[in-house]
Amino acid sequence: MNEKNKIDVLVGLQWGDEGKGKIVDMLTPKYDVVARFQGGPNAGHTLEFNNQKHVLHLIPSGIFHPDKVNLLGNGMVIDPIAFQKEVEGLRKYIPMEELKKRIVIASGAKLILPVHRILDGANEEAKGDKKIGTTKKGIGPAYTDHVSRNAVLVQDILKDTRTFTNKVNDIQEQHCIALVLQNKKCWDAHALLQELFEFFDAARFMQRFEIVNGPYWLDKQLREGKKVLAEGAQGTLLDINFGSYPFVTSSNTTCGGVCTGLGIAPNRIGKVYGLFKAYCTRVGSGPFPTELGGKQSEEWCATETVKEDATPCASINDPDPFLQGIALRRKGYEFGATTGRLRRCGWLDLPALKYACMINGVTNLIMSKADILSGFETVKICNNYLIDGGFTDEMPMEISELFSPQYKKFPGWDMVTPAKTTPFAEYLKFIENETGLPISIISTGPDRNQIFIRE
Ligand code: GDP
Ligand code: IMO
Ligand code: MG
């Protein structure tokens, strides 16, 4: 028995897309189990090795390693159709028998029904120009059904067919009636029925995997001395409680979500790896104080496509911040892994980073995409906000246009090296001093091997 064995955690410290997939894949050899604790197919986690790129949405990022088990935890919302598609995609690389050994699903995870995706779209449309810019994967409506105690859980799949189908049909029908009453005839009844057939097929497909009692299963792993890594999705500033509400996702993306999403007691949490990009990005609406090009960039990213984004001639050293932002997006390939949308780009926001370290109890920082800032003549970090004539380095309760970020400037660098006296080292040292935390790992490219370990 191993009472002291703890679970390590990796969370994103910004607005998602910090490179969690790559880092979890890189860390997996040190662990036996990788567990997702929240979110669903809104996530897009990219892994690269052997010149091959893989994007995962529901399946944890340890999947490419043999002899490791990947848990889809209780706190997740799982779309069976998306799950089946993802597994089918992986079968090109990993045989089904092997996938069945590497994936286990917690019985308490919630199911995303086809109608949840329709509701997600309808809610967004109703919000007009106040829309959140969700991934339209049904995340909000599925979690809403959970808190209103109507959700269909993974464990329901194991009940007899009639009980399961009746439950799904009842919920789906209630939502459709509500939409009709609101005069939102925003779905095609035939297509929805078709999707429902697909849903039931996919739910049957899920039964081919081991469905476990999540907290007991994890407890057993820990007692047997197995090493467990919890993989966060989204990022701290998208947390339902501590993010820039209402422009957030519908789950606890922060370290507390590990306890509520996996059934892990707080005193069983070990290291907390906090991952951040060397700059910031955000996809969807909502405040982003250090965005290059401000409102102009936000509007551009909400309406333009990848093709149009390539039209303006922009340099990473352009004096116009909007154009500089476009150049940064192109250099960093900042296009959504799930939706293909343009990611808004800006400088590192230190007050937000410190806030994220505090909320998560980060013990070790990891920086990604340090390579993307090479070639900039000047690199900036926001270290203060100016509000009502005074400076603060605290995240305000509500971010508004009435305050402005203040920047510290750093000379740019050509190459990211671990040497101690380069301009890049100055950048690192400043962040370490300000957060009081070590930057233990630095990622310098999308590939699994493009990494410096400083631990
Ligand atoms: P996640 O959602 O946090 O897993 O991140 P995404 O996969 O959505 O986005 C990160 C993107 O950056 C992916 O295209 C990765 O392949 C890529 N990436 C990750 N780390 C690095 C890095 O250090 N440098 C570069 N250039 N790309 C990286
Ligand atoms: P990964 O795990 C970046 C954003 C959406 C939107 C808001 C709410 O790849 O980092 P939702 O569909 O969750 O209701 O959308 O959250 N969002 C993400 N942004 N990375 C993600 O995941 C995201 N998942 C959701 O763009 O602003
Ligand atoms: Mg992503």
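Key figures for this structure:
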quantity	calculated
Single unsatisfied condition, VAL77 versus (1) within 16 Å of ligand 1 (Cβ to nearest atom); (2) under 25 Å from ILE359 (Cβ atoms)	(1)
Counted residues, region 311-340 - those being more than 16 Å from ligand 2 (Cβ to nearest atom), in contact (Cβ under 8 Å) with a residue 40 or more places away in the chain and either assigned by TED's automatic domain parsing to the domain that holds PRO41 or crowded, with 21+ Cβ neighbours inside 10 Å (or both)	1
Flag for CYS357 being within 27 Å of LEU386 (Cβ to Cβ) and away from ligand 1 (no atom under 16 Å from the Cβ)	yes
Whichever residue in region 427-453 is in contact with a Leu (Cβ under 9 Å, 6 or more places away or on another chain) and among the charged types (D, E, K, R) and, among such residues, is nearest to ligand 3 (Cβ to nearest atom)	ARG448
Region 132-175, residues that are part of a helix (DSSP H, G or I) and of a type in the set (S, T, N, Q)	THR144, GLN155, THR161, THR163, THR165, ASN166, ASN169, GLN172, GLN174
Selection within region 43-57 - within 13 Å of ligand 1 (Cβ to nearest atom) and either in contact with an Asp or Glu (Cβ under 8 Å, 6 or more places away or on another chain) or not hydrophobic (A, V, I, L, M, F, W, C) (or both)	GLY44, HIS45, THR46, LEU47, GLU48, PHE49, ASN51, GLN52, LYS53, HIS54, LEU56, HIS57
Residues being in a loop (DSSP other than H, G, I, E, B), crowded, with 24+ Cβ neighbours inside 10 Å and away from ligand 1 (no atom under 12 Å from the Cβ) - total across region 230-248	1
Residue that is closer than 22 Å to ALA370 by Cβ and crowded, with 24+ Cβ neighbours inside 10 Å, where the choices are ILE23, ILE7	ILE23
Number of positions in region 5-37 that are under 24 Å from MET358 (Cα atoms), more than 10 Å from ligand 2 (Cβ to nearest atom) and part of a loop (DSSP other than H, G, I, E, B)	4
Cross-chain or 6+ apart pairs with Cβ under 9 Å, region 378-393 first and hydroxyl-bearing (Ser, Thr, Tyr), then in a loop (DSSP other than H, G, I, E, B)	THR378/ASN317; THR378/GLY412; TYR385/PRO289; TYR385/ASP393; TYR385/GLU394; TYR385/MET395; TYR385/PRO396; TYR385/ILE399
Hey, LYS220 touching an Asp or Glu at 6+ places or on another chain (Cβ under 9 Å) and not aliphatic (A, V, I, L, M) or not	no
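Yes or no, residue by residue, for (1) more than 16 Å from ligand 3 (Cβ to nearest atom); (2) farther than 15 Å from TYR279 by Cα; (3) surrounded by 13 or more Cβ atoms within 10 Å (Cβ to Cβ):
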| position | (1), (2), (3) |
| --- | --- |
| SER374 | yes, no, yes |
| THR378 | yes, no, no |
| ILE381 | yes, no, yes |
| ILE387 | yes, yes, yes |
| THR392 | yes, yes, yes |
| PHE403 | yes, yes, yes |
| TRP413 | yes, no, yes |
| THR421 | yes, yes, no |
| PHE424 | yes, no, yes |
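Here is a yes/no grid of residues against (1) over 28 Å from PHE242 (Cβ atoms); (2) in contact (Cβ under 8 Å) with a residue 12 or more places away in the chain:
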position	(1), (2)
LYS277	no, yes
CYS280	no, yes
VAL283	no, yes
PRO287	no, yes
LYS295	no, no
THR303	yes, no
ASP309	yes, yes
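Conditions (1) out of contact with any Gly (no Cβ under 7 Å at 6 or more places or on another chain); (2) among the aromatic types (Phe, Trp, Tyr); (3) surrounded by fewer than 21 Cβ atoms within 10 Å (Cβ to Cβ); (4) on the phi > 0 side of the Ramachandran plot, marked per residue:
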residue: ILE78; (1), (2), (3), (4): no, no, no, no
residue: ASP129; (1), (2), (3), (4): yes, no, yes, no
residue: ILE132; (1), (2), (3), (4): no, no, yes, no
residue: GLY140; (1), (2), (3), (4): yes, no, no, no
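The values are calculated or read from the model by the stated rules, or taken from the named source; none is laboratory data. Remember, predicted model here, so these are calculated numbers, not experimental data. Note: ideal-geometry Cβ built from the backbone for every residue, glycine included; neighbour counts use all protein chains shown.
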